[in-house]
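**Student:** The structure's right below; bear with me while I get my questions together.
The values are calculated or read from the model by the stated rules, or taken from the named source; none is laboratory data. What you see is a predicted model, and the numbers here were worked out from it, not measured in a lab. Ideal geometry is used to build each Cβ from the backbone, glycine not excepted, and the neighbour counts take in all protein chains shown.
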Amino acid sequence: MKLFKINFFYKPVKSDVLVYDYLSLKFAKKLFEKKKLSIFYARFDGLSIYILFKTFLKSGYKNFFKNYKINFFSFVKPKIIYTAIDNNSGFYKLKKIYPHAKYVSDQNGMRDEKFFDIIVSKKKFFDYSSDVIFCFGENEKKRLSKIINAKIYPLGNTLNNSYERYKIRNFEFKNLVFISHFKNEIKFKDLKFLNKLAKITFKMNKIFYFHERPNQNFDQLLNDKLKQYNFNYIQNKEFNIKEFYDNSIFIARRSTLGFSYLSNNYRIGFYGLTSYNSQNSISYNARGPFWTSKLSEAELTKMIKKIRSYDQKKWNLISNKYSYQLLNLDENNIKKKKIINKLLDS
């Protein structure tokens, strides 16, 4: 069990922007670059003695955490309460208990059906709302509009929008890079899939790379299983996109990083896009311009060759079209900042 450090000496700072959950801070800094930011520790890993005593003296133990939030928000007096922990259903209840601020939710990662099922199951008991939701793309906008009352803008990932974008002039296929989504273990069926990719790459006389997920190391396992192929393992901290963007085809499942690469016009193939079909969103065929739901060696080879065959102009048109659905690009967060500034000025 993970233990949180309780900082009882944390004191709120009055500011126009209150960041809800410390893990949202790195996103907030990209959108509110010149603003003083106050933080509400939504996991209660940073508590204010002042607000604690004020809450206890005012209302005792009854509805203590709800009243703690109200007193904290009232002390800070923010114009905007912002979170990038967009799958915290509690955030969408805050407007009802403290209606004196504008609420902004900013999607930071891909969402499976679990979050949506939670909202739907409790919607008859709660009115879920936010003034603004920034989501990845049109798919997420369609899903969210059915369960949360908000103005929803499909403007991509805030961090991806802020990164330098490398434009490809001449693409030369040298590497196949698998973007890992594996957590804690790699199952036998996934090892078989990786073996297929390594084998395909070897037959094409290219290099196969495994790009690890942060804090999920499978170096020893994969070097043992794939040692007969031209294989390289890349730790997350050592990966540099500048070395791969114009000479590699990336392979991913439903991956935030993978969709970010698509929005930047980097060559990428997906498997698993058809899972959107069960979520009342845009429907995808079993095969497409850069994806497949068939995982045979022949089918994967066909997909990789198709992605390689596009000239850059054609690939840019394809990736831009589907990025709007999956994860849009708002370079330097210009549109997001414009919307936020209107909220601050209102």
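**Student:** Can you confirm whether segment 332-339 contains a residue that is more than 19 Å from the chain's Cα centre (by Cα), crowded, with 16+ Cβ neighbours inside 10 Å and under 30 Å from residue 37 (Cβ atoms)? Please lay out each step first, then the result.
**Tutor:** Within segment 332-339, the subset more than 19 Å from the chain's Cα centre (by Cα) is 338-339.
Imposing the further condition that a residue be crowded, with 16+ Cβ neighbours inside 10 Å reduces the set to 339.
Cutting the leftovers down to under 30 Å from residue 37 (Cβ atoms) gives us 339.
So far as segment 332-339 goes, yes, one or more of its residues are more than 19 Å from the chain's Cα centre (by Cα), crowded, with 16+ Cβ neighbours inside 10 Å and under 30 Å from residue 37 (Cβ atoms).
**Student:** If you don't mind, another one. Look at residue 74 and say whether it is modelled with pLDDT of 90 or more and either surrounded by fewer than 17 Cβ atoms within 10 Å (Cβ to Cβ) or among the acidic types (Asp, Glu) (or both). Spell out how you get there, then give the answer.
**Tutor:** Values: modelled with pLDDT of 90 or more: yes; either surrounded by fewer than 17 Cβ atoms within 10 Å (Cβ to Cβ) or among the acidic types (Asp, Glu) (or both): yes.
Criteria met by residue 74.
**Student:** Residue 255 - would you say it is modelled with pLDDT of 95 or more, among the polar types (S, T, N, Q) and not assigned by TED's automatic domain parsing to the domain that holds residue 26?
**Tutor:** Criteria not met by residue 255.
**Student:** Return the pairs, sorted by first residue and then second, in which the second residue is exposed (fewer than 15 other Cβ atoms within 10 Å of the Cβ) and among the basic types (Lys, Arg), the first residue lies in segment 277-289 and is modelled with pLDDT of 80 or more, the beta carbons are less than 8 Å apart, and the residues are 6+ apart or on different chains.
**Tutor:** 286/294; 287/294
For every residue, the table says whether it meets (1) of a type in the set (Val, Ile, Thr); (2) closer than 24 Å to residue 23 by Cβ; (3) in the same structural domain as residue 29 (by TED's automatic domain parsing).
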position	(1), (2), (3)
146	no, no, yes
150	no, yes, yes
161	no, yes, no
220	no, no, no
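**Student:** I've got another one for you. Is there a residue in segment 169-181 that is of a type in the set (A, V, I, L, M), under 24 Å from residue 26 (Cβ atoms) and in contact (Cβ under 8 Å) with a residue 60 or more places away in the chain?
**Tutor:** Step one: list which residues in segment 169-181 are of a type in the set (A, V, I, L, M), which gives 176-177, 179.
Remaining after also requiring under 24 Å from residue 26 (Cβ atoms): 179.
The next check asks that each one be in contact (Cβ under 8 Å) with a residue 60 or more places away in the chain; those that pass are 179.
Looking for residues that are of a type in the set (A, V, I, L, M), under 24 Å from residue 26 (Cβ atoms) and in contact (Cβ under 8 Å) with a residue 60 or more places away in the chain, one finds at least one in segment 169-181, hence yes.
Condition check ((1) modelled with pLDDT of 85 or more; (2) of a type in the set (Lys, Arg); (3) over 16 Å from residue 323 (Cα atoms)) across all residues:
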| position | (1), (2), (3) |
| --- | --- |
| 125 | no, no, yes |
| 131 | yes, no, yes |
| 134 | yes, no, no |
| 149 | yes, no, yes |
| 160 | yes, no, no |
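**Student:** I'd like to verify a number: residues in segment 89-105 that are under 21 Å from the mean Cα position of the chain (by Cα) and crowded, with 19+ Cβ neighbours inside 10 Å, how many?
**Tutor:** If we filter segment 89-105 for residues that are under 21 Å from the mean Cα position of the chain (by Cα), which is where we start, we get 89-92, 103-105.
From what is left, the residues that are crowded, with 19+ Cβ neighbours inside 10 Å are 91-92, 103-105.
Of the residues in segment 89-105, 5 are under 21 Å from the mean Cα position of the chain (by Cα) and crowded, with 19+ Cβ neighbours inside 10 Å.
**Student:** Quick check: is even one residue across segment 307-317 within 26 Å of the chain's Cα centre (by Cα), surrounded by fewer than 17 Cβ atoms within 10 Å (Cβ to Cβ) and not charged (D, E, K, R)? Give the steps one after another, and end with the answer.
**Tutor:** Just the residues of segment 307-317 that are within 26 Å of the chain's Cα centre (by Cα), to begin with: 307, 315-317.
Remaining after also requiring surrounded by fewer than 17 Cβ atoms within 10 Å (Cβ to Cβ): 316-317.
Now narrow it down to the ones that are not charged (D, E, K, R): 316-317.
Yes, because at least one residue in segment 307-317 is within 26 Å of the chain's Cα centre (by Cα), surrounded by fewer than 17 Cβ atoms within 10 Å (Cβ to Cβ) and not charged (D, E, K, R).
Conditions tested, residue by residue: (1) over 24 Å from residue 259 (Cβ atoms); (2) touching a Leu at 6+ places or on another chain (Cβ under 9 Å); (3) at pLDDT below 95.
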residue: 178; (1), (2), (3): no, yes, no
residue: 183; (1), (2), (3): no, no, yes
residue: 186; (1), (2), (3): no, yes, yes
residue: 196; (1), (2), (3): no, yes, no
residue: 200; (1), (2), (3): no, yes, no
residue: 204; (1), (2), (3): yes, yes, no
residue: 215; (1), (2), (3): no, no, yes
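**Student:** Just the residues that are under 21 Å from residue 110 (Cβ atoms), free of Cβ contacts under 8 Å to residues at least 40 places away in the same chain and part of a loop (DSSP other than H, G, I, E, B), please, taken from segment 224-273.
**Tutor:** 239, 271, 272
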